[in-house]
Amino acid sequence: MRKKYAAGNWKMNKTFNEGQILFSEVTNMVKDELVNPNVKVVMAVPAPYLSSFSKLINTDKVSIAAQNCHPKESGAYTGEVSVGMLKSVGVEYVIIGHSERREYFGETDEFIAAKVDALLAGGLTPIFCCGETLAQREAGIHFDFVKGQFTNALFHLDADALQKVVIAYEPIWAIGTGVTASSEQAQEMHKVLRDHLASKYGQEVADNISILYGGSVGAGNAKELFAMPDVDGGLVGGASLKSRDFTEIAKSFPA
Ligand code: PEP
């Protein structure tokens, strides 16, 4: 059975002290309350906090993630953080290809593909984000656009490597807007993407890959979304900043 995820993306929020409280609260609640052994809780915190917060983890139900990395091993890349650096402070997962990085920092599929390679070479798990704009959906090109993002950034991998990637489908029109995709819209896209993976790698490989949904997931809609057969959890922004809400999201998977 493929792994289920509640992954929180804090983005550029919380001071160190606020973050420490939030991180500890989630870790403790998850340790005490999360009973589904197939669910992993991941928190992607701001880079300066990674080293310290990784030491607060007191259960293997929780892992810490970075929100970005640079594909090069080291060198003159001022302000950037390498995979090796992240690994050395206990990071296990790294979000890449988030629409905010694509839009505000001009990240291309090619650059994201290089990050995928660097992460897999370093033994860390990429959480690869993809998703269409509202205009693309309204023009009816959303399936082809997101399939193209896969093809460009992932299809150079062999099957073993691909199965180490976690996917997050995040329609841009649903991120931070309070407008969530319906569970049917999420399921429809996830199925299209799984079929796209199956067309290149075969059904067995495609069935092993966790595909998360992201876009205004909250404690009130997670159950319905996570009940969909191809939705393997959520990448959660705003609601991951509230410990009780995020823990409830992690507890929203069907038994
Ligand atoms: C995100 O940024 O990955 C995200 C899904 O944000 P939100 O849950 O706030 O829409």
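Taken together, the values in this text are just the output of simple stated rules run on the coordinates, not laboratory data. Given the structure is predicted, the values throughout are model-derived calculations rather than measurements. For neighbour counting, all protein chains shown are included, and Cβ atoms are generated from backbone atoms with ideal geometry for every residue, glycine included.
Can you pull out the residues in the stretch 154-170 that are part of a helix (DSSP H, G or I) and either among the small types (Gly, Ala, Ser) or near the ligand (Cβ under 9 Å from one of its atoms) (or both)?
Ala159, Ala161, listed by residue number.
For every residue, the table says whether it meets (1) without any contact (Cβ under 8 Å) to a residue 24 or more places away in the chain; (2) more than 29 Å from Thr180 (Cα to Cα); (3) assigned to a loop (DSSP other than H, G, I, E, B); (4) more than 16 Å from the ligand (Cβ to nearest atom).
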| position | (1), (2), (3), (4) |
| --- | --- |
| Ser74 | yes, yes, yes, yes |
| Lys115 | no, no, no, yes |
| Ala118 | no, yes, no, yes |
| Gln136 | yes, no, no, yes |
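Within the stretch 100-130, restricting attention to residues that are within 12 Å of the chain's Cα centre (by Cα) and not aliphatic (A, V, I, L, M), which residue is farthest from Lys72 (Cα to Cα)? Spell out the reasoning first.
Going residue by residue through the stretch 100-130, those that are within 12 Å of the chain's Cα centre (by Cα) are 125-130.
Subsequent filtering for residues that are not aliphatic (A, V, I, L, M) retains 125-126, 128-130.
Working: Thr125: 16, Pro126: 15, Phe128: 18, Cys129: 20, Cys130: 22 Å.
So, considering only residues that are within 12 Å of the chain's Cα centre (by Cα) and not aliphatic (A, V, I, L, M), the one farthest from Lys72 (Cα to Cα) is Cys130.
Here is a list: Gly90, Gly106, Gly140, Gly97. Which entry is buried (at least 19 other Cβ atoms within 10 Å of the Cβ) and on the phi > 0 side of the Ramachandran plot? First the steps, then the outcome.
Numbers: Gly90 fails: buried (at least 19 other Cβ atoms within 10 Å of the Cβ); Gly106 fails: buried (at least 19 other Cβ atoms within 10 Å of the Cβ); Gly140 fails: buried (at least 19 other Cβ atoms within 10 Å of the Cβ).
The unique qualifying residue is Gly97.
Among the candidates Thr27, Thr15, the residue that is under 30 Å from Ile209 (Cβ atoms), hydroxyl-bearing (Ser, Thr, Tyr) and away from the ligand (no atom under 16 Å from the Cβ) is uniquely Thr27. Screening Trp173 with (1) in a helix (DSSP H, G or I); (2) in contact with a helix residue (DSSP H, G or I) (Cβ under 7 Å, 6 or more places away or on another chain); (3) more than 14 Å from the ligand (Cβ to nearest atom); (4) over 22 Å from Val42 (Cα atoms) gives one miss only, at (3).
Of the residues that sit in the stretch 60-72 and are within 16 Å of the ligand (Cβ to nearest atom) and in contact (Cβ under 8 Å) with a residue 40 or more places away in the chain, which one is farthest from Leu134 (Cα to Cα)?
Step one: list which residues in the stretch 60-72 are within 16 Å of the ligand (Cβ to nearest atom), which gives 65-68.
Applying the additional criterion that residues be in contact (Cβ under 8 Å) with a residue 40 or more places away in the chain yields 65, 67.
Details: Ala65: 28, Gln67: 24 Å.
Ranking the candidates gives Ala65 first.
From the list Asp109, Asp144, pick out the single residue that is away from the ligand (no atom under 16 Å from the Cβ), more than 26 Å from Lys55 (Cα to Cα), without any contact (Cβ under 8 Å) to a residue 24 or more places away in the chain and not β-branched (Val, Ile, Thr).
Details: Asp109 fails: without any contact (Cβ under 8 Å) to a residue 24 or more places away in the chain.
Being away from the ligand (no atom under 16 Å from the Cβ), more than 26 Å from Lys55 (Cα to Cα), without any contact (Cβ under 8 Å) to a residue 24 or more places away in the chain and not β-branched (Val, Ile, Thr) holds for just one of Asp109, Asp144, which is Asp144.
Would the stretch 46-57 turn up any residue that is touching a residue at least 60 places away in the same chain (Cβ under 8 Å) and within 16 Å of the ligand (Cβ to nearest atom)? No - not one qualifying residue is present in the stretch 46-57. Among all positions in the stretch 12-22, there is no residue which is in contact (Cβ under 8 Å) with a residue 12 or more places away in the chain, crowded, with 18+ Cβ neighbours inside 10 Å and either within 18 Å of the chain's Cα centre (by Cα) or closer than 22 Å to Ala118 by Cβ (or both). For the stretch 197-227, the candidate set comprises residues that are in a helix (DSSP H, G or I) and buried (at least 19 other Cβ atoms within 10 Å of the Cβ); within that set, the residue that is farthest from the ligand (Cβ to nearest atom) is Tyr201.
Filter the stretch 208-237 for residues that are among the acidic types (Asp, Glu) and in contact with a strand residue (DSSP E or B) (Cβ under 8 Å, 6 or more places away or on another chain); which is nearest to Tyr93 (Cα to Cα)?
If we take residues in the stretch 208-237 being among the acidic types (Asp, Glu) and in contact with a strand residue (DSSP E or B) (Cβ under 8 Å, 6 or more places away or on another chain), then Asp232 is nearest to Tyr93 (Cα to Cα).
I'd like to know if the stretch 157-172 contains one or more residues that are of a type in the set (Ser, Thr, Tyr) and crowded, with 22+ Cβ neighbours inside 10 Å. There is at least one residue in the stretch 157-172 that is of a type in the set (Ser, Thr, Tyr) and crowded, with 22+ Cβ neighbours inside 10 Å.
All conditions in (1) surrounded by fewer than 22 Cβ atoms within 10 Å (Cβ to Cβ); (2) part of a helix (DSSP H, G or I); (3) more than 10 Å from the ligand (Cβ to nearest atom) hold for Phe253, with the sole exception of (2).
Annotation note: Cβ proximity below 7 Å between a residue of the stretch 78-100 that is assigned to a helix (DSSP H, G or I) and a residue that is within 16 Å of the ligand (Cβ to nearest atom) (sequence gap 6+ or interchain) occurs for Leu86/Ala66; Leu86/Val94; Ser99/Cys129; Ser99/Gly131; Ser99/Glu170; Ser99/Ile172; Ser99/Ile175.
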